[in-house]
Amino acid sequence: MEDKKIHKMLIIGSGPAGLAGALYASRANLEPVIFTGMQLGGQVSTTHIVENYPGFPEGIGGPELVEAFQKQAERFGTRVEFDQVTDIDFSQRPFKVTTYSGEYYAETLLLSTGANPRHLEIPGEVEFTGRGVSYCATCDGHFFQEKNVIVVGGGDSALEEGLFLTRFAKTVTIVHRRDELRAGKLLQERAFNNPKVSFIWDSALTEIVGEGIVQSVKVKNLKTGEENEMPTEGVFIFIGHIPNTELYIGKLEMDDQGYVVVDKYMQTSIPGVYAAGEVADSHFRQVITSAGMGAAAAMQAIHYLENQIK
Ligand code: NAP
């Protein structure tokens, strides 16, 4: 299908940045089309509960928050397309966006493709993904009722997801490569006070072992070099993220970590192309900061289009 219409704005990626951008753009009558990618809502849709998005004193479920974002954007004229973008031609104007189902043209683009979980890249990780290895406690936690699971990482995600897993698992052992956590103090306190949670410090997984499903992990103490094999039924990996930028490589300016470079107006190295959320932010990575970036990008795109008309 070719959508010959020249859209005012196409939004690529449907996490908080994309959906907030869609809300602002649609309220300015830009009639944006947002391509959801593989997962409407992005990472937040796999978050059990969001406790730090203002307006929800008791917290709100990730999927419910995404649904509310979507409804609010649609109410003002956003079109949500359950489609995946495969190519973007930034060299022509209007910009050309190719998806699985067709071609679209737009005067402005908002890139909000987010980030994906980083992998450990050790033997067994790929083989046992979905068979005991997981990157999402909300998605897979219920498979581990009364099981012993390992969590890898020392940041907010590792602790938050590890604590969530204590609802199901018998024990949660957090393996961290240092002897100090990166996570915030509140989460640290909760983890230290939870009787199901224990820590293995200064250590890294070197292999995930099993037959068909995960049965054990090899854990190496990075200070002594000693390696032990530890029985476990699940391995949850939360060691940070990698931005989803395959579509932009060689086309837009990126930093040395691979994040899209934006100025304070969320503009990328190409005028009329904006980026928001985790694809352009390795630092804050919160629902509220991503949504704020999306709103700012849309406001700037509105301004850009107004200036084009003059
Ligand atoms: P992160 O803060 O980057 O932490 C990643 C953790 O994984 C670190 O402890 C790091 O160890 C470890 N790590 C990295 N690469 C590793 C490797 N190859 N092998 C073993 N360990 C490795 O990532 P995150 O926890 O996903 O959090 C990302 C951002 O989202 C942060 O800004 C965080 O505050 C935010 N976040 C906030 C909340 C919340 O506020 N409730 C919840 C989730 C995430 P080192 O510490 O040694 O570097």
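The values are calculated or read from the model by the stated rules, or taken from the named source; none is laboratory data. These numbers come from a predicted model, not from an experiment. As a convention, Cβ positions derive from the backbone with ideal geometry for all residues, glycine included, and neighbour counts pool all protein chains shown.
Given the criteria within 13 Å of the ligand (Cβ to nearest atom), touching a Cys at 6+ places or on another chain (Cβ under 9 Å) and either at pLDDT 95 or above or among the hydrophobic types (A, V, I, L, M, F, W, C) (or both), does PHE236 qualify? Spell out how you get there, then give the answer.
Values: within 13 Å of the ligand (Cβ to nearest atom): yes; touching a Cys at 6+ places or on another chain (Cβ under 9 Å): yes; either at pLDDT 95 or above or among the hydrophobic types (A, V, I, L, M, F, W, C) (or both): yes.
In short, yes.
Can you tell me which residue within region 272-297, out of those that are more than 18 Å from THR46 (Cβ to Cβ) and of a type in the set (S, T, N, Q), is modelled with the lowest pLDDT?
Among residues in region 272-297 that are more than 18 Å from THR46 (Cβ to Cβ) and of a type in the set (S, T, N, Q), the one modelled with the lowest pLDDT is SER282.
Is it the case, given these coordinates, that ASP87 is of a type in the set (Asp, Glu), within 21 Å of SER269 (Cα to Cα) and not assigned by TED's automatic domain parsing to the domain that holds GLU161? Break it down into steps so the answer makes sense when it comes.
Values: of a type in the set (Asp, Glu): yes; within 21 Å of SER269 (Cα to Cα): yes; not assigned by TED's automatic domain parsing to the domain that holds GLU161: yes.
Against the criterion (of a type in the set (Asp, Glu), within 21 Å of SER269 (Cα to Cα) and not assigned by TED's automatic domain parsing to the domain that holds GLU161), ASP87 qualifies.
Which ones in region 43-61 are of a type outside the set (S, T, N, Q) and in contact with a Gly (Cβ under 7 Å, 6 or more places away or on another chain)?
Passing the criteria: VAL44, HIS48, ILE49, VAL50, GLU51.
Would you mind finding the one in GLY184, GLY225 that is small (Gly, Ala, Ser), farther than 23 Å from GLY132 by Cα and away from the ligand (no atom under 11 Å from the Cβ)? First the steps, then the outcome.
Details: GLY184 fails: away from the ligand (no atom under 11 Å from the Cβ).
So the residue among GLY184, GLY225 that is small (Gly, Ala, Ser), farther than 23 Å from GLY132 by Cα and away from the ligand (no atom under 11 Å from the Cβ) is GLY225.
If you go through region 187-205, how many residues are away from the ligand (no atom under 14 Å from the Cβ), polar (S, T, N, Q) and over 20 Å from ASN221 (Cβ atoms)?
So in region 187-205, the residues away from the ligand (no atom under 14 Å from the Cβ) come out as 192-198.
Those still in the list that are polar (S, T, N, Q) too: 193-194, 198.
The next check asks that each one be over 20 Å from ASN221 (Cβ atoms); those that pass are 193-194.
Of the residues in that region, 2 qualify.
Which residue, of VAL197, VAL209, is more than 16 Å from LYS147 (Cα to Cα) and either assigned by TED's automatic domain parsing to the domain that holds VAL172 or out of contact with any strand residue (DSSP E or B) (no Cβ under 6 Å at 6 or more places or on another chain) (or both)?
On the way: VAL197 fails: more than 16 Å from LYS147 (Cα to Cα).
Answer to the selection: VAL209.
Which residue pairs have Cβ atoms closer than 7 Å, lie 6 or more positions apart in sequence or on different chains, and pair a first residue in region 155-176 that is under 19 Å from VAL219 (Cα atoms) and in contact (Cβ under 8 Å) with a residue 60 or more places away in the chain with a second residue that is more than 8 Å from the ligand (Cβ to nearest atom) and of a type in the set (Val, Ile, Thr)?
Taking only residues 6 or more apart or on different chains, the pairs are ALA158/VAL151; ALA158/ILE174; GLY162/VAL151; GLY162/VAL172; GLY162/ILE174; GLY162/VAL197.
Out of the residues in region 100-121 that are in a loop (DSSP other than H, G, I, E, B) and more than 22 Å from the chain's Cα centre (by Cα), which is nearest to the ligand (Cβ to nearest atom)?
Within region 100-121, the subset in a loop (DSSP other than H, G, I, E, B) is 100-102, 112-114, 118-121.
The next check asks that each one be more than 22 Å from the chain's Cα centre (by Cα); those that pass are 101-102.
Working: SER101: 33, GLY102: 35 Å.
Looking at residues that are in a loop (DSSP other than H, G, I, E, B) and more than 22 Å from the chain's Cα centre (by Cα), I get SER101.
Out of (1) within 16 Å of the ligand (Cβ to nearest atom); (2) surrounded by 15 or more Cβ atoms within 10 Å (Cβ to Cβ), the odd one out for THR171 is which?
Single failed check for THR171: (1).
Being over 30 Å from ILE12 (Cα atoms) and more than 16 Å from the ligand (Cβ to nearest atom): is that true of VAL149 here? Talk me through it step by step, then tell me what you get.
Working: over 30 Å from ILE12 (Cα atoms): yes; more than 16 Å from the ligand (Cβ to nearest atom): yes.
Criteria met by VAL149.
List the number of the failed condition for ALA295; all other conditions in (1) in contact (Cβ under 8 Å) with a residue 60 or more places away in the chain; (2) away from the ligand (no atom under 16 Å from the Cβ); (3) in a loop (DSSP other than H, G, I, E, B); (4) under 19 Å from the mean Cα position of the chain (by Cα) hold.
Of the numbered conditions (1) in contact (Cβ under 8 Å) with a residue 60 or more places away in the chain; (2) away from the ligand (no atom under 16 Å from the Cβ); (3) in a loop (DSSP other than H, G, I, E, B); (4) under 19 Å from the mean Cα position of the chain (by Cα), the odd one out for ALA295 is (3).
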